Amino acid sequence: MPQIIFIFFSSCLLAFGVSAKSNPRIAIAGLGIESSTFSPALTNEEAFHTKYGAEVFSLYPFLSPDSSLRLRATWIPILVGNSLPGGAVTREAYESLVKKTLDSLRKYLPYDGLFFDIHGAMSVVGLDDPEGDFIVRIRKVVGKGTLISTSMDLHGNVSWRLAENSDLITCYRMAPHEDAMDTRERAVENLVSRIESGKGRPAFKAWIPIPILLPGEKTSTRIEPGKGLYKAVAPAAAQKGIVDAAIWIGYAWADEPRNHAVVMVTGDDKMLVIHTSEELARRFWAVRFSFGFVAPTATLTECLDSALKSKQHPFFISDMGDNPTAGGAGDVSWTLKEILSRPEFQLENGPSLIYASIPGPDLVQKAIKAGVGATVQGYAGAIVDARYAPPLLIRGKVKSIVYGDPDADIEVVVQVGSVQIIVTQKRKPYHKEIDFTRLGLYPRKTDIVVVKIGYLQPELYAMHSGWIMALTPGGVDQDLERLPYKRIDRPMFPFDKNMPDPDLSARLVPASDKAQ
Ligand SMILES: [Zn+2]
């Protein structure tokens, strides 16, 4: 609502603008989502949980009121939205969010800088390269004199026009993304320093597309070759004459020409920018055959057999074909249906298994009516993605009901035999121990934990005593060679295994004020 936005801006300008006239004026805007075009799900505006005006600061601890960065500029927070990964964003949602951004930006012109906080793998129905489209439209409003510093996920895509319109650009150096906030802080620090020092936009930006398309589950930086490859990024960026260096793995579950790996290096020393980018690109290409899944993979049946045989617990199984944090609908019921049909789990004293999770608004509402301790029966799953199994009829005992999670809204634990199923009002990925314990579930004391994610996030990784990733079906199928790509560039590794070596020479991107 415009009135509310106005109030936020007024208070923010009063608090952070008037006293420091010489401070640069820096806007903050961006949209973050990775969306699979191989999923039938669609993402609407509400999913972005958009923050406006001063609310935006809450996303960035390094911009807290007493932080040094906060004091070095007059901040004009515009709009930042972040959605859980999902299906393609509707054109209406995208246009609405872009319009709100541009309208607000117009009100508070001019800007010395703009921090563009995006993921980089948004798909929008009927529109290619949305982040490229977004930055071009922002440029038209803010003009060519504004320095834009773009911060991204390493699973984002960097099109030529995104590179052209960004003056500074960087991405995470770790997967899982333990450095997500450090990356944003670096993007902002580089922006503020370049403006403060009067150096402005770096003189050179090198961009190298690498014809490799791999899933995140094969490119973790915890293990080789991703570990060694990404270890080279920080030293490359620390050289005198270089401002930043970054490697994007890219996003595998969308079908556009921009979906592939990219290396970018920015700096003022032309030869060093070229040399550093080519060195990183060559390293990446050289190790392409060494990428493998970060954990053993197997069919679900094999995973369950191994987990049941294992003497080590908790034994984790990733239900990764429908991983909502990669863009799966998160409501494929196939895996849960298979688990519930296994004879081992039919009795309450059978091997304990937690299944996290399945959206089931019907079952959630019935559980609320029945109450904790009662028996409930209702449907869960397959509202969005019913391609592999229909909605699943679940009958079991309500163990707990918890309200108020920002993603799930309401979470219910239903016990069927020895299986504890987390049923949610809306989809939610389970990454942390507290996600379970707050529901009265104790993964450390459970025999088998099945999670709808791909690679295990740090807390679950630290507690696992066994882990297999199940090659289950869904919108983010990990077997990329099964996906019906039509529009990605070819040849592309690993689809064209025997392709000749590509041209990995640096392409110098025109400065943003020279961009088309
Ligand atoms: Zn990512």
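The values are calculated or read from the model by the stated rules, or taken from the named source; none is laboratory data. Small disclaimer: the values here were computed from a predicted structure and weren't measured. Note that we place each Cβ from the backbone using ideal geometry, even for glycine, and neighbour counts take in every protein chain shown. Heads up: the accessible areas ignore ligands, DNA and RNA and are worked out on the full protein's heavy atoms, side chains in. Shrake-Rupley method; radii C 1.70, N 1.55, O 1.52, S 1.80 Å.
Please specify each residue of segment 384-408 satisfying the condition of being under 23 Å from the mean Cα position of the chain (by Cα) and touching a residue at least 24 places away in the same chain (Cβ under 8 Å).
VAL384, ASP385, PRO406, ASP407, ALA408, listed by residue number.
Name the single residue that is nearest to the ligand (Cβ to nearest atom) among those in segment 119-150 being assigned to a loop (DSSP other than H, G, I, E, B), open to solvent by 10 Å² or more (accessible area, probe 1.4 Å) and not charged (D, E, K, R). Write out each step before concluding.
Step one: list which residues in segment 119-150 are assigned to a loop (DSSP other than H, G, I, E, B), which gives 119-120, 122-123, 125-126, 128-129, 143-146.
From what's left, open to solvent by 10 Å² or more (accessible area, probe 1.4 Å): 119, 125-126, 128-129, 143-145.
Next, from what is left, pick out any that are not charged (D, E, K, R): 119, 125-126, 143, 145.
On the way: HIS119: 7, VAL125: 22, GLY126: 25, GLY143: 31, GLY145: 32 Å.
Selected residue: HIS119.
State which residue is farthest from the ligand (Cβ to nearest atom) when the search covers only segment 194-211 and only residues that are open to solvent by 50 Å² or more (accessible area, probe 1.4 Å) and part of a loop (DSSP other than H, G, I, E, B).
Taking segment 194-211 as the starting set, the residues that turn out to be open to solvent by 50 Å² or more (accessible area, probe 1.4 Å) are 196-199, 201, 203-204.
Next, from what is left, pick out any that are part of a loop (DSSP other than H, G, I, E, B): 197-199, 201, 203.
Working: SER197: 31, GLY198: 35, LYS199: 31, ARG201: 27, ALA203: 30 Å.
It comes out as GLY198.
Does VAL419 satisfy the condition of being β-branched (Val, Ile, Thr), open to solvent by less than 10 Å² (accessible area, probe 1.4 Å) and closer than 17 Å to TYR355 by Cβ? First the steps, then the outcome.
On the way: β-branched (Val, Ile, Thr): yes; open to solvent by less than 10 Å² (accessible area, probe 1.4 Å): yes; closer than 17 Å to TYR355 by Cβ: yes.
Spelling it out, VAL419 is indeed β-branched (Val, Ile, Thr), open to solvent by less than 10 Å² (accessible area, probe 1.4 Å) and closer than 17 Å to TYR355 by Cβ.
If the Cβ limit is 6 Å and pairs must be 6+ apart or interchain, which residue in segment 444-459 that is closer than 20 Å to SER352 by Cα pairs with which residue that is open to solvent by 20 Å² or more (accessible area, probe 1.4 Å) and of a type in the set (Val, Ile, Thr)?
ILE453/THR325
Sort out which residues of segment 488-507 are closer than 19 Å to ARG258 by Cβ and open to solvent by 60 Å² or more (accessible area, probe 1.4 Å), and write them in order of number.
Matches in segment 488-507: ASP489, ARG490, PRO491, ASP503, ARG507.
For segment 82-118, how many residues meet the condition of being in a strand (DSSP E or B), touching a Lys or Arg at 6+ places or on another chain (Cβ under 9 Å) and at pLDDT 95 or above? Spell out how you get there, then give the answer.
Residues of segment 82-118 that are in a strand (DSSP E or B), as a first pass: 82, 86-89, 113-117.
Adding the requirement that they be touching a Lys or Arg at 6+ places or on another chain (Cβ under 9 Å) leaves 82, 86, 113, 115, 117.
Next, from what is left, pick out any that are at pLDDT 95 or above: 82, 113, 115, 117.
Looking only at that region, the number is 4.
A quick yes/no check of all residues on (1) within 16 Å of the ligand (Cβ to nearest atom); (2) open to solvent by 20 Å² or more (accessible area, probe 1.4 Å):
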site	(1), (2)
MET152	yes, no
ASN157	yes, no
ARG161	no, yes
ASP167	no, no
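For segment 38-49, check the following and say yes or no: at least one residue is away from the ligand (no atom under 16 Å from the Cβ), among the hydroxyl-bearing types (Ser, Thr, Tyr) and either buried (at least 17 other Cβ atoms within 10 Å of the Cβ) or over 27 Å from TRP248 (Cα atoms) (or both). Lay out the reasoning, then the answer.
Step one: filter segment 38-49 for residues away from the ligand (no atom under 16 Å from the Cβ), giving 38-49.
Imposing the further condition that a residue be among the hydroxyl-bearing types (Ser, Thr, Tyr) reduces the set to 39, 43.
Then keep just the ones that are either buried (at least 17 other Cβ atoms within 10 Å of the Cβ) or over 27 Å from TRP248 (Cα atoms) (or both); that gives 39, 43.
Yes.
Residues are listed down the side, and each one gets a yes or a no for (1) at pLDDT below 95; (2) touching a helix residue (DSSP H, G or I) at 6+ places or on another chain (Cβ under 9 Å):
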position: GLN425; (1), (2): no, yes
position: TYR430; (1), (2): no, yes
position: GLU433; (1), (2): no, yes
position: GLY440; (1), (2): no, no
position: ARG444; (1), (2): no, yes
position: GLY454; (1), (2): yes, yes
position: SER465; (1), (2): no, no
position: MET469; (1), (2): no, yes
position: ILE488; (1), (2): no, no
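Tally up the residues in segment 266-294 that are open to solvent by less than 10 Å² (accessible area, probe 1.4 Å) and touching a Leu at 6+ places or on another chain (Cβ under 7 Å), please.
3
So which residues in segment 301-328 are open to solvent by less than 10 Å² (accessible area, probe 1.4 Å) and hydrophobic (A, V, I, L, M, F, W, C), if there are any at all?
CYS303, LEU304, ALA307, PHE316, ILE317, MET320, ALA326
So, in segment 364-383, how many residues would count as being within 20 Å of GLY440 (Cα to Cα) and touching a residue at least 40 places away in the same chain (Cβ under 8 Å)?
3
Would you mind stating whether SER151 is among the polar types (S, T, N, Q), within 19 Å of the chain's Cα centre (by Cα) and farther than 22 Å from ALA73 by Cα? Walk me through it before giving the result.
Details: among the polar types (S, T, N, Q): yes; within 19 Å of the chain's Cα centre (by Cα): yes; farther than 22 Å from ALA73 by Cα: no.
Spelling it out, it is not the case that SER151 is among the polar types (S, T, N, Q), within 19 Å of the chain's Cα centre (by Cα) and farther than 22 Å from ALA73 by Cα.
Scan segment 330-357 for residues that are open to solvent by less than 10 Å² (accessible area, probe 1.4 Å) and of a type outside the set (S, T, N, Q) and report the count.
Total satisfying the criteria: 10.
Mind counting the residues in segment 52-78 that are assigned to a loop (DSSP other than H, G, I, E, B) and open to solvent by 10 Å² or more (accessible area, probe 1.4 Å)?
Initial filter on segment 52-78 (assigned to a loop (DSSP other than H, G, I, E, B)): 60, 64-67, 72-73.
Those still in the list that are open to solvent by 10 Å² or more (accessible area, probe 1.4 Å) too: 64-67, 72.
Of the residues in segment 52-78, 5 are assigned to a loop (DSSP other than H, G, I, E, B) and open to solvent by 10 Å² or more (accessible area, probe 1.4 Å).
I want to confirm something. Restricting to segment 23-37 and keeping residues that are assigned to a strand (DSSP E or B) and closer than 14 Å to GLY250 by Cα, which single residue is most open to solvent (accessible area, probe 1.4 Å)?
Start the filter on segment 23-37 by keeping residues that are assigned to a strand (DSSP E or B), which leaves 25-32, 34-36.
Okay, now just the ones that are also closer than 14 Å to GLY250 by Cα, so 34-36.
Working: GLU34: 22, SER35: 0, SER36: 0 Å².
The qualifying residue most open to solvent (accessible area, probe 1.4 Å) is GLU34.
It is to be established whether one or more residues within segment 172-193 are away from the ligand (no atom under 16 Å from the Cβ), of a type in the set (Ser, Thr, Tyr), over 30 Å from LEU456 (Cβ atoms) and part of a helix (DSSP H, G or I).
Yes, some residue in segment 172-193 is away from the ligand (no atom under 16 Å from the Cβ), of a type in the set (Ser, Thr, Tyr), over 30 Å from LEU456 (Cβ atoms) and part of a helix (DSSP H, G or I).
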